[in-house]
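Visitor: Before I ask anything, let me first share the structure, which is written out below as structure tokens.
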């Protein structure tokens, strides 16, 4: 199991009391599985990603990544887990304006202290896999919104992480391009046997052909995960 959350509770100070961002959350995501979590703003989706990505430590409960419990780990140990085992796809692509699409991917290798030249072929193959190989030498301002998001996805997969955490990937895209991105992520999750958790309020983009998109869509409200959501793909 690439990701396992068990009885996870996260609270924040709120005046004289505390606000519950996550309440007794359980979530298991196996390799090759693609789970979407939907819900309104303020429902706890971002907190869920932050806890799963070891960016926040819960008040209670257990978080395991690749069978490793993150409870009690130091900040440096959590940073190594994020670096080596987790890929993040950001809501806004956060591409560096001065770097080409290829260099965006190679920068992640450089930040790990490795020699980017050794990973050039892997980076080019990833860009090809997400459908933007022809744009490898272009900078962000030369790419469409959909192309930038594909580079964002390829960058997250550099180094072959076992867990992919995805934040609102379709928020800046119109519906058809959003669905294409969801289908792409679904294909990559299965081909690469990586576990993936996506958070989004965009149910329309979840509605893709059966077997092409997410495996489960769960609803979050007031920090709690509820019943699976039925979309056109899950009801077919």
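Visitor: Considering only the range 179-186, I want to know if a residue exists there that is crowded, with 18+ Cβ neighbours inside 10 Å, closer than 20 Å to residue 29 by Cβ and touching a strand residue (DSSP E or B) at 6+ places or on another chain (Cβ under 6 Å).
Guide: yes
Visitor: Quickly run through the range 5-20 and pick out the residues that are out of contact with any helix residue (DSSP H, G or I) (no Cβ under 8 Å at 6 or more places or on another chain) and under 12 Å from residue 60 (Cβ atoms).
Guide: The answer is 6, 7, 9, 11, 20.
Visitor: Which number in (1) within 24 Å of residue 193 (Cα to Cα); (2) at pLDDT 95 or above marks the one condition that residue 67 misses?
Guide: Of everything listed in (1) within 24 Å of residue 193 (Cα to Cα); (2) at pLDDT 95 or above, residue 67 misses just condition (2).
Visitor: Follow-up question, since we're still on this one. Can you name every residue in the range 173-186 that is in contact with a helix residue (DSSP H, G or I) (Cβ under 9 Å, 6 or more places away or on another chain) and within 20 Å of residue 32 (Cβ to Cβ)?
Guide: 181, 182, 184, 185
Visitor: Moving on. Give the number of residues within the range 56-76 that are under 28 Å from residue 154 (Cβ atoms) and in contact with a strand residue (DSSP E or B) (Cβ under 9 Å, 6 or more places away or on another chain).
Guide: Qualifying residue count for the region: 7.
Visitor: Among 140, 161, which is crowded, with 18+ Cβ neighbours inside 10 Å, within 25 Å of residue 83 (Cβ to Cβ), more than 15 Å from the chain's Cα centre (by Cα) and in contact (Cβ under 8 Å) with a residue 24 or more places away in the chain? Walk me through it before giving the result.
Guide: Values: 161 fails: more than 15 Å from the chain's Cα centre (by Cα).
Of 140, 161, the one residue that is crowded, with 18+ Cβ neighbours inside 10 Å, within 25 Å of residue 83 (Cβ to Cβ), more than 15 Å from the chain's Cα centre (by Cα) and in contact (Cβ under 8 Å) with a residue 24 or more places away in the chain is 140.
Visitor: Can you name the number of the only condition in (1) over 20 Å from residue 99 (Cα atoms); (2) modelled with pLDDT under 95 that residue 165 fails?
Guide: All conditions are met except number (2).
Visitor: Would you confirm whether or not the range 65-82 contains a residue that is in a strand (DSSP E or B), over 16 Å from the mean Cα position of the chain (by Cα) and touching a residue at least 12 places away in the same chain (Cβ under 8 Å)?
Guide: Yes, the range 65-82 contains at least one residue that is in a strand (DSSP E or B), over 16 Å from the mean Cα position of the chain (by Cα) and touching a residue at least 12 places away in the same chain (Cβ under 8 Å).
Visitor: Then there is this: Do we find a residue being over 30 Å from residue 144 (Cβ atoms) and either part of a loop (DSSP other than H, G, I, E, B) or out of contact with any helix residue (DSSP H, G or I) (no Cβ under 8 Å at 6 or more places or on another chain) (or both) anywhere in the range 89-97?
Guide: Checking the range 89-97: not a single residue is over 30 Å from residue 144 (Cβ atoms) and either part of a loop (DSSP other than H, G, I, E, B) or out of contact with any helix residue (DSSP H, G or I) (no Cβ under 8 Å at 6 or more places or on another chain) (or both).
Visitor: Of everything in the range 91-108 that's at pLDDT below 90 and either touching a strand residue (DSSP E or B) at 6+ places or on another chain (Cβ under 6 Å) or under 19 Å from residue 129 (Cα atoms) (or both), which residue is surrounded by the most Cβ atoms within 10 Å (Cβ to Cβ)? Give the steps one after another, and end with the answer.
Guide: Step one: of the range 91-108, the residues at pLDDT below 90 are 91-94.
Right, trim to either touching a strand residue (DSSP E or B) at 6+ places or on another chain (Cβ under 6 Å) or under 19 Å from residue 129 (Cα atoms) (or both) and you get 91, 93.
Numbers: 91: 17, 93: 21.
So, considering only residues that are at pLDDT below 90 and either touching a strand residue (DSSP E or B) at 6+ places or on another chain (Cβ under 6 Å) or under 19 Å from residue 129 (Cα atoms) (or both), the one surrounded by the most Cβ atoms within 10 Å (Cβ to Cβ) is 93.
Visitor: Tally time: how many residues in the range 158-172 are in contact with a helix residue (DSSP H, G or I) (Cβ under 6 Å, 6 or more places away or on another chain) and not in a strand (DSSP E or B)?
Guide: So the count comes out to 6.
Visitor: Related question: Would the range 114-130 turn up any residue that is surrounded by 17 or more Cβ atoms within 10 Å (Cβ to Cβ), over 22 Å from residue 162 (Cα atoms), modelled with pLDDT under 95 and touching a helix residue (DSSP H, G or I) at 6+ places or on another chain (Cβ under 6 Å)?
Guide: Looking through the range 114-130, none of the residues is surrounded by 17 or more Cβ atoms within 10 Å (Cβ to Cβ), over 22 Å from residue 162 (Cα atoms), modelled with pLDDT under 95 and touching a helix residue (DSSP H, G or I) at 6+ places or on another chain (Cβ under 6 Å).
The values are calculated or read from the model by the stated rules, or taken from the named source; none is laboratory data. Only a predicted model underlies this, so the values are computations on that prediction, with no experimental measurement involved. Note: ideal-geometry Cβ built from the backbone for every residue, glycine included; neighbour counts use all protein chains shown.
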